[in-house]
Structures are given as C-alpha cells and as structure tokens.
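Below: the structure, in structure tokens.
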Amino acid sequence: MTSTGNRPAAPSPALLAWYNAVPTVIWSALSLTPLSIFCYQHMERRWLYGLLFVSLLWYVLPASRFKHFQISRNPRIYRRLGVAAINRFTQHGGLVNWLVRRTYPQYRRLRARAAVAALVRTTYHQERFHLVLFVFFLLTSFYAVAQGYWRWALLLTLLNVGYNLYPMWLQQYIRVRLEPKAPAS
C-alpha cells in the first residue's frame, strides 16, 4: 500500500482490531450482563447447563442451512427493518469506518476478491455465533416465563432482538449486498 508522507495508507491490524472491538464490547456488556445476572440469580444450574448444551448444538449447523433463515434476497427488505441503520454502530460499521477514514482516507475494507470471499465466510461464522446466543436467550426467556419472571422475560426478549436477531439479519444483508447481480434479461 502506498503511503502519504510518513503515514501508511492503511491503519495497522492492531488499530483496526481496537476500533472494531469497542462497539463489540459495548453491545456485549449491555446484553450479556443482564443475561448473566438472571442466570446467576434465578436459574437452577441443571437448567442452565441443559439450555447451554441445547444452544451449542446449533453451532454445528452447516453454512448451507443458513439460506433457510434468510429473510430475503433483496437488500431493501433489510433496510426497511432498520438493519442498515444498526450497521452504523457495529464492528466494521459506518461509525468505525468513518473514524478510521478520518486518519486514513484511502482505507477500504474490501480491496480484492479474496477479501470478499473471506468476508462472506466471516458472515456465516458471526451469524452462527448469534444463532447460538439467540437460541440460548430464547430458551432463557421461556424459562423466565415458566418461573413467573415476566419482566426478566421481556427484558431478555428485547435484548435477544437487539443483540442476536439484528446481527443475524446484518450478516444476511451483507451477503445479499455482496452477491453478484444477475444480468437483466
């Protein structure tokens, strides 16, 4: 990569990792802290371990099955759901890219075909991670309802939508946007 003066054209991988870690840590703390408090204070350990086990089973789901969870092949649907807006506040999202480009104007995340292929693989990994957590949050919410903890169930459900459902949709949205467009006939 070319450099401008003494400054490189792109930030170091460590600096990029730091910028992208900040939103991840914030979102994780906001969502996983209440979940952890509920599980520690109100869930029997055998249920906790059982629900964790059931949730982790979803981790072996092959990437080819994720097409069944995809909402649409049209990015407009995702934009209507607010996925593009949420992307501003995520890792590699609008805010992070804006901050990086203030110092490194030439920075682009995807410069080559190999980078696109790697990003697609990463989206499947991240969707799988959030699917496992989605199932765990969902089962924990059901447990909360069964035990009469209605407020906890509502809170965990809202957190599940924000921390897991929207990130899964975001991964789908990214893949839809990266798909080669079919020629018009």
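The values are calculated or read from the model by the stated rules, or taken from the named source; none is laboratory data. Predicted model, so just to flag it, every value in this text is computed and none were measured. Here the Cβ is made from the backbone with ideal geometry for all residues, glycine too, and neighbour counts use every protein chain on show. Surface areas here come from the heavy atoms of the whole protein model, side chains and all, with no ligands, DNA or RNA. Shrake-Rupley method; radii C 1.70, N 1.55, O 1.52, S 1.80 Å.
Worth pointing out:
- The set of residues from segment 72-108 being in contact with a helix residue (DSSP H, G or I) (Cβ under 8 Å, 6 or more places away or on another chain), polar (S, T, N, Q) and without any contact (Cβ under 8 Å) to a residue 40 or more places away in the chain is empty.
- Test result for THR140, at pLDDT 95 or above and polar (S, T, N, Q): yes
- Leading residue by the ranking (most open to solvent (accessible area, probe 1.4 Å)) among those in segment 42-90 that are hydroxyl-bearing (Ser, Thr, Tyr) and assigned to a helix (DSSP H, G or I): TYR49
- Unmet criterion (only one of (1) open to solvent by 50 Å² or more (accessible area, probe 1.4 Å); (2) at pLDDT 95 or above; (3) not hydroxyl-bearing (Ser, Thr, Tyr)) for LEU131: (1)
- Annotation note: Cβ proximity below 7 Å between a residue of segment 40-51 that is closer than 10 Å to TYR143 by Cβ and a residue that is modelled with pLDDT under 95 and open to solvent by 50 Å² or more (accessible area, probe 1.4 Å) (sequence gap 6+ or interchain) occurs for no pair.
- Selection count where residues are among the basic types (Lys, Arg) and either open to solvent by less than 80 Å² (accessible area, probe 1.4 Å) or touching a strand residue (DSSP E or B) at 6+ places or on another chain (Cβ under 6 Å) (or both), scope segment 140-182: 1
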